[in-house]
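Below is one structure; the comments refer to it alone.
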Amino acid sequence: MKDIKTKIISNEIVAPGYYKMVLEAPYITKTAIPGQFIQVRCSDSYEPLLRRPFGIHRITNHESRITILYEVVGKGTTILSKRRKGERLDVLGPLGNGFTLQDTRHKTQDTRILIAGGVGIAPLTFVAEALVKKKIKPIVLIGAKTKKAIVCSDDLKKMGLKVHIATDDGTLGHKGFVTDLFRDLLPVACGLQPVTVYSCGPKLMLKKVSEICKKEKINCQVSLEETFGCGIGACLGCSCKIKDRRNKFTYKLTCKDGPIFKGEEVIWE
Amino acid sequence: MISNLEVNVGKIKLKNPIMVASGTFGYAEEFKSLMDLKMLGAIITKTITLKKRAGNPMPRVCETSSGMLNSIGLENDGVENFIDGKIPFLKKLNVPIIVSVSGDSIDEFKALLKILDKERSVSGIELNISCPNIQVARHPPTPRLRRAGMTHDTGLISQNKDATYSLIKGIRKYTNKTFITKLSPNVTDIGEIAKAAESAGSDAISLINTILGMAIDIDTKRPKLGNIVGGLSGPAIKPVALRMVYEVSKSVKIPIIGIGGIMDWQDAIEFLIAGASAIQIGTANFIDPASSEKILKGIEEYLSKNKIKDIKKIIGGLKI
């Protein structure tokens, strides 16, 4: 983990309210694994004060560049969306533990399912890319409020993956929740092989995904989100409740011990 | 020109006046790949208690205008785990280690100080009686607290000069290490609290801890912090901190360590001029983990440019 001045290669709108930013960051690409994140200082001023966390979305250009995919939701992301090509951006990373792609309990031929809610597809695209490199083709399920918020299904299709979509308003794909798609898929996916689920999105969705997986005895990894003070495990501001061996709970740090946890060990509140 | 940056705090000789503030730097190991830890004048650890503490409910941090609120609630693994798990790394740095301590009773403080006094690698104690997220006393005091010798009627120990005096008086003899008392800004007259801490035997005063604050989510109408209220830090509080350092410098003779929203070397110099012998970098560590290094470099350049041979020459040099 290092704090580096990266160069902004591009920062483009991909859908209303959604941007993709490409950064020259060879140090980060060298060690980053899917599910890890970076802490970005959106501006040099003290307003907003804290860095903003973004999951690594892709690694490109002979592994020297990282992409982040972000939704403009507040002060930090608004400023970030106005940053221009060629400018320098202060980035701390790679941070966090990342997904476990090689599950030792199963052979590599098991079924992998990616379940994303909204901009939760950002880190899962990196997972998809890494799995495809291992010659594993995951099934991708994306849920969002509306068609316009489905932001990178084309990138995933280009990797040769099957993408199933659900929207709250029915403007694209199934009308309803992404967890409905997951439930429909279960009889097929669980038919023969073991299944591993990787999920990122709103807490309620992650909770539902974890519950289904627990019931079906499916290995499930979820990416949690919290407000970070530091992002490196120093301030203890992002604790989350994780079940311990005695079935009580222990506080773990979302930024350092996570952001990826097993779905069944998270205590959802 | 190379200026002398050495300052003394109690028995500790610091190679420069830059320390990192408790709770913003973990146990230093978190920052090892992000800066040269050996350059620090001293390291103040995250606050330690006798027994493990789970901390406060989530959410624990929230951003405010040029600042942040926190209500961590002194989460830590207890002193034994600190000694076994954190000291081995810290002592290798060859930087004075000051352990921040907190407790719920005089007996707990005594036990904690006795244990830490045996640790040769610990140079000093910073008494945290000012964390706004821990209410050690109720109004009126519960029988348990009264038996424990805490007779003050409300809030934090450092909000009451008599409680501050009696606690320090009661525990000071259990440590031979440099004893620093960290004060809360949530008081009417910080000068008189500092005076009480000095006359009870403190070697130095550090200030300020965070300012009690609050933020509300207008959509849910809920507080943004799980603990409802929390401590404000960051550049937003610097003018308040500076004013309080100035006030305390007029009321005590022992060294003052200035804390509160120091983001760059100019801020640090302001605190020295106001009367601080040393400073602590806090929230800035989250924004730029190498803040301390940059601040030290800035101070060196300032002294050199102004041909100041010894940093002590600017301490308390405010012209009115």
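The values are calculated or read from the model by the stated rules, or taken from the named source; none is laboratory data. Just so it is clear, the structure is predicted and the values come from calculations on it, not from any experiment. Quick reminder, even Gly has a Cβ in these numbers, built from the backbone with ideal geometry, and neighbours come from all protein chains shown.
Scanning for something away from chain B (no Cβ under 14 Å) and of a type in the set (Val, Ile, Thr), does segment A:34-44 turn up at least one residue?
No, because not a single residue in segment A:34-44 is away from chain B (no Cβ under 14 Å) and of a type in the set (Val, Ile, Thr).
Filter segment B:71-96 for residues that are basic (Lys, Arg) and within 21 Å of the chain's Cα centre (by Cα); which is farthest from the other protein chains (Cβ to nearest Cβ)?
Top of the filtered list is B:Lys91.
Filter segment B:215-253 for residues that are of a type in the set (S, T, N, Q) and either closer than 30 Å to B:Ile269 by Cα or at pLDDT 95 or above (or both) and give the result.
Those that are of a type in the set (S, T, N, Q) and either closer than 30 Å to B:Ile269 by Cα or at pLDDT 95 or above (or both): B:Thr220, B:Ser233, B:Ser249, B:Ser251.
Return the residues of segment A:1-36 that are in contact (Cβ under 8 Å) with a residue 40 or more places away in the chain and aromatic (Phe, Trp, Tyr); say none if nothing qualifies.
A:Tyr18, A:Tyr19, listed by residue number.
Can you find, within segment A:95-107, the residue that is surrounded by the fewest Cβ atoms within 10 Å (Cβ to Cβ) among those that are at pLDDT 95 or above and farther than 18 Å from A:Ala128 by Cβ?
Among those residues, the one meeting the criterion is A:Asn97.
If you go through segment A:19-26 one residue at a time, do you hit one that is surrounded by fewer than 22 Cβ atoms within 10 Å (Cβ to Cβ), part of a strand (DSSP E or B), within 14 Å of another protein chain (Cβ to nearest Cβ) and of a type outside the set (A, V, I, L, M)?
Within segment A:19-26, none of the residues are surrounded by fewer than 22 Cβ atoms within 10 Å (Cβ to Cβ), part of a strand (DSSP E or B), within 14 Å of another protein chain (Cβ to nearest Cβ) and of a type outside the set (A, V, I, L, M).
Filter segment B:17-58 down to residues that are touching a strand residue (DSSP E or B) at 6+ places or on another chain (Cβ under 9 Å), within 8 Å of chain A (Cβ to nearest Cβ) and assigned to a loop (DSSP other than H, G, I, E, B), then give me how many there are.
9
Identify all residues within segment A:39-85 that are assigned to a strand (DSSP E or B) and under 15 Å from A:Tyr19 (Cβ atoms); write none if there are none.
A:Val40, A:Arg52, A:Phe54, A:Gly55, A:Arg58, A:Ile66, A:Thr67, A:Ile68, A:Leu69, A:Tyr70, A:Glu71
Give segment B:270-307 a look and list any residue that's in a loop (DSSP other than H, G, I, E, B) and buried (at least 17 other Cβ atoms within 10 Å of the Cβ), or say none.
If the condition is that a residue be in a loop (DSSP other than H, G, I, E, B) and buried (at least 17 other Cβ atoms within 10 Å of the Cβ), then B:Gly275, B:Ala276, B:Ser277, B:Gly282, B:Thr283, B:Asp288, B:Pro289 are the ones that fit.
Of A:Lys256, A:Lys248, which residue is of a type outside the set (Phe, Trp, Tyr), within 12 Å of chain B (Cβ to nearest Cβ), within 30 Å of B:Ser22 (Cβ to Cβ) and under 17 Å from the mean Cα position of the chain (by Cα)?
Matching residue, one of A:Lys256, A:Lys248: A:Lys256.
Quick one: B:Leu207 ticks every box in (1) touching a helix residue (DSSP H, G or I) at 6+ places or on another chain (Cβ under 9 Å); (2) surrounded by fewer than 24 Cβ atoms within 10 Å (Cβ to Cβ) bar one, so which box is it?
(2)
So which residues in segment B:59-70 are facing chain A (nearest Cβ under 9 Å) and within 21 Å of B:Ser102 (Cα to Cα)?
Within segment B:59-70, B:Arg60, B:Val61, B:Asn70 qualify.
With the condition kept exactly as written, say whether any residue in segment B:56-69 is of a type in the set (Gly, Ala, Ser) and without any contact (Cβ under 8 Å) to a residue 60 or more places away in the chain.
No, segment B:56-69 has no match at all.
Please go through (1) surrounded by 22 or more Cβ atoms within 10 Å (Cβ to Cβ); (2) within 14 Å of chain B (Cβ to nearest Cβ); (3) of a type in the set (A, V, I, L, M, F, W, C); (4) farther than 15 Å from A:Phe99 by Cα for A:Ile267 and return the number of the only condition it doesn't satisfy.
Going through the list (1) surrounded by 22 or more Cβ atoms within 10 Å (Cβ to Cβ); (2) within 14 Å of chain B (Cβ to nearest Cβ); (3) of a type in the set (A, V, I, L, M, F, W, C); (4) farther than 15 Å from A:Phe99 by Cα, A:Ile267 breaks only (1).
Can you tell me which residues in segment A:212-222 are closer than 12 Å to A:Phe182 by Cα and surrounded by fewer than 22 Cβ atoms within 10 Å (Cβ to Cβ)?
Those that are closer than 12 Å to A:Phe182 by Cα and surrounded by fewer than 22 Cβ atoms within 10 Å (Cβ to Cβ): A:Ile212, A:Glu216.
Just one of B:Gly191, B:Gly201, B:Gly261 is at pLDDT 95 or above and not in a loop (DSSP other than H, G, I, E, B); which is it?
Step by step, each of B:Gly191, B:Gly201, B:Gly261 is checked, and only B:Gly191 is at pLDDT 95 or above and not in a loop (DSSP other than H, G, I, E, B).
Within segment B:94-104, is even one residue touching a residue at least 40 places away in the same chain (Cβ under 8 Å) and surrounded by fewer than 17 Cβ atoms within 10 Å (Cβ to Cβ)?
Checked against the condition, which is being touching a residue at least 40 places away in the same chain (Cβ under 8 Å) and surrounded by fewer than 17 Cβ atoms within 10 Å (Cβ to Cβ), segment B:94-104 yields at least one hit.
Limited to segment A:146-192, what total is found for residues that are in a loop (DSSP other than H, G, I, E, B) and either farther than 12 Å from A:Ile113 by Cα or among the basic types (Lys, Arg) (or both)?
So the count comes out to 17.
Examine segment A:55-70 for a residue that is out of contact with any His (no Cβ under 9 Å at 6 or more places or on another chain) and within 14 Å of chain B (Cβ to nearest Cβ), and state whether such a residue exists.
no
Identify all residues within segment A:127-151 that are crowded, with 22+ Cβ neighbours inside 10 Å, of a type outside the set (Val, Ile, Thr) and in contact with a Lys or Arg (Cβ under 8 Å, 6 or more places away or on another chain); write none if there are none.
Listed by number, the residues that qualify are A:Leu131, A:Pro138.
So in segment A:236-269, with the set limited to residues that are in a strand (DSSP E or B) and in contact (Cβ under 8 Å) with a residue 40 or more places away in the chain, which one is nearest to B:Glu30 (Cα to Cα)?
So the residue we want is A:Ile260.
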